[in-house]
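The values are calculated or read from the model by the stated rules, or taken from the named source; none is laboratory data. What you are looking at is a predicted structure, and each value in this text was computed from that prediction instead of being measured. Here the Cβ positions follow ideal geometry from the backbone for every residue, glycine too, while neighbour counts run over all protein chains shown.
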Amino acid sequence: MVALATRCGDAMQAENLLQILDAGARGFSRLRPARIPDVVTYSRNLFIPLTNACRNACAYCGFRSDNPYLMKEGEVLRLLRAGARLRCREALFTFGERPEEHPEIERTLSKLGYADILEYLYHLCEKALGLGLLPHTNPGVVGYQELRTLREVNASMGLMLESISERLCQRGMPHEHSPGKRPGERLRMIELAGRLKIPFTTGLLIGIGENTREIAESLLAIKKLSDRYGHIQEIIIQNFRPKRGTPMESFPEPSLFKMLKVVRAASELFEGQGVQVPPNLNRRTYALFLLQGANDLGGISPITRDYINPEDAWPEEAEIHRLVVELGIELRQRLPIYPEYIRRGWYSERVGEVIQQCATRDGYARE
Ligand code: SF4
């Protein structure tokens, strides 16, 4: 405990986290009552999986392919237009890390006139803005200049820390073949985003072999960067789901109790920030996470699937509405940039023009 606190900061915070994460049922029931949120948010979005080429090969990934596709501009534009018609506010661009390292993707990009995926992405983000949609990009690990350029056309960006554990990168572990999953690299990028004042989303992937102490360390590492730069708008607590045909297809999912404890620990540590649990990965249980302090349900798309977890359909907005209202909590649609960062003016001029069109006075999404 002392070592954990010394490495990661505040001893009280470390002790509190471990008390929650190590609790059995009796200990958990003796915790002080969880803070139930007044408002739960979600973002009506479009999920755009630009390419499934990726330089990494995480042992649980069912998305990456050695025979990859690249979405053509026309296809992306059709989606963006359909999303705009349905009053989606967020264009979520996601893709594997440094996909142009795959020769076919490099060739296709070059034929289209782009040096790399980020140049192509920039162009598509401009198109999204032109249609009144706010881009949020998960580009994998990128550097300072790339982040600075993407900031011009993104309302927010994201990179899951997943875990601070170096152990998970060792031989036989899920990140053995994923250079981009080295925790140091990921923390560095999250820090760069802070220096650039980019509203940022990160989080943990739970159930890939990490232990309690590593969960606590991961949360504390994010907290440290969040306190320093003030840019972490939300923390996602995502449960591992086994995918058929992957090396981890028979690996057990994290238990509901473990997930409840991590959500509770995150909600206590990040009071006032977004703590998100994806409802499509927890269709029958997501209400329980709200009772442990989670306050955001992430992106819900009326037209696109979760391409990373294609077997897990998103619930309808009407279903979420019924469930949240039954709990006596207000449900609000938000933008990919949280109200706090709109107040602070943490966006470029071009992004600001779209925010003006689609934000309410208090910084949520205009219905
Ligand atoms: S999980 Fe992400 S980083 Fe890992 S292989 Fe899949 S696409 Fe690449």
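Here the strands (runs of 3 or more DSSP E) wholly within segment 84-186 that include at least 1 residues being of a type in the set (F, W, Y) are 90-95. The listed residues are K127, K181, K111, and the only one of them that is closer than 23 Å to R64 by Cβ and in contact (Cβ under 8 Å) with a residue 24 or more places away in the chain turns out to be K181.
Scanning segment 131-141 turns up one or more residues that are touching a Ser or Thr at 6+ places or on another chain (Cβ under 7 Å) and under 17 Å from L204 (Cβ atoms).
Scanning segment 187-235 for residues that are part of a loop (DSSP other than H, G, I, E, B), touching a residue at least 40 places away in the same chain (Cβ under 8 Å) and closer than 16 Å to G274 by Cβ yields I198, P199, H231.
All of F63, F28 fail the test of being within 16 Å of the ligand (Cβ to nearest atom) and touching a residue at least 40 places away in the same chain (Cβ under 8 Å), apart from F63. The residues of segment 327-360 that are closer than 21 Å to D296 by Cα and part of a loop (DSSP other than H, G, I, E, B), listed by number, are L327, G328, I329, R334, L335, P336, I337, Y338, W346, T360. The set of residues in segment 301-320 being modelled with pLDDT of 80 or more, farther than 12 Å from L290 by Cβ and surrounded by 15 or more Cβ atoms within 10 Å (Cβ to Cβ) consists of S301, P302, W314, P315, E317.
Please determine whether any residue of segment 39-49 is surrounded by fewer than 20 Cβ atoms within 10 Å (Cβ to Cβ), within 30 Å of E271 (Cβ to Cβ), away from the ligand (no atom under 14 Å from the Cβ) and not charged (D, E, K, R). Among the residues of segment 39-49, at least one is surrounded by fewer than 20 Cβ atoms within 10 Å (Cβ to Cβ), within 30 Å of E271 (Cβ to Cβ), away from the ligand (no atom under 14 Å from the Cβ) and not charged (D, E, K, R), which makes the answer yes. What is the number of the single condition among (1) surrounded by fewer than 24 Cβ atoms within 10 Å (Cβ to Cβ); (2) among the polar types (S, T, N, Q); (3) within 16 Å of the ligand (Cβ to nearest atom) that T137 does not meet? Against the list (1) surrounded by fewer than 24 Cβ atoms within 10 Å (Cβ to Cβ); (2) among the polar types (S, T, N, Q); (3) within 16 Å of the ligand (Cβ to nearest atom), T137 comes up short only on (1).
Scanning segment 166-182 for residues that are more than 9 Å from the ligand (Cβ to nearest atom) and surrounded by fewer than 21 Cβ atoms within 10 Å (Cβ to Cβ) yields a total of 10.
Yes or no, residue by residue, for (1) more than 30 Å from R366 (Cβ to Cβ); (2) part of a loop (DSSP other than H, G, I, E, B):
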{"site": "I20", "(1), (2)": "yes, no"}
{"site": "F28", "(1), (2)": "yes, no"}
{"site": "R32", "(1), (2)": "yes, yes"}
{"site": "Y42", "(1), (2)": "no, no"}
{"site": "F47", "(1), (2)": "no, no"}
{"site": "L50", "(1), (2)": "no, no"}
{"site": "A59", "(1), (2)": "yes, yes"}
{"site": "N67", "(1), (2)": "yes, yes"}
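G132 meets each of the listed conditions (1) more than 16 Å from the ligand (Cβ to nearest atom); (2) under 19 Å from the mean Cα position of the chain (by Cα); (3) touching a residue at least 60 places away in the same chain (Cβ under 8 Å); (4) farther than 21 Å from I236 by Cβ apart from (2). Looking only at segment 219-255, how many residues end up being surrounded by fewer than 19 Cβ atoms within 10 Å (Cβ to Cβ), aromatic (F, W, Y) and more than 21 Å from R151 (Cα to Cα)? The number of residues fulfilling the criteria is 1.
Taken as a whole, the condition of being surrounded by fewer than 13 Cβ atoms within 10 Å (Cβ to Cβ), on the phi < 0 side of the Ramachandran plot and at pLDDT 95 or above applies to R361.
When V263, V275 are screened for being crowded, with 23+ Cβ neighbours inside 10 Å and touching a Phe, Trp or Tyr at 6+ places or on another chain (Cβ under 6 Å), only V263 passes. Checking R55, R98, R89 one by one, the residue that is away from the ligand (no atom under 13 Å from the Cβ) and at pLDDT 95 or above is R89 and no other.
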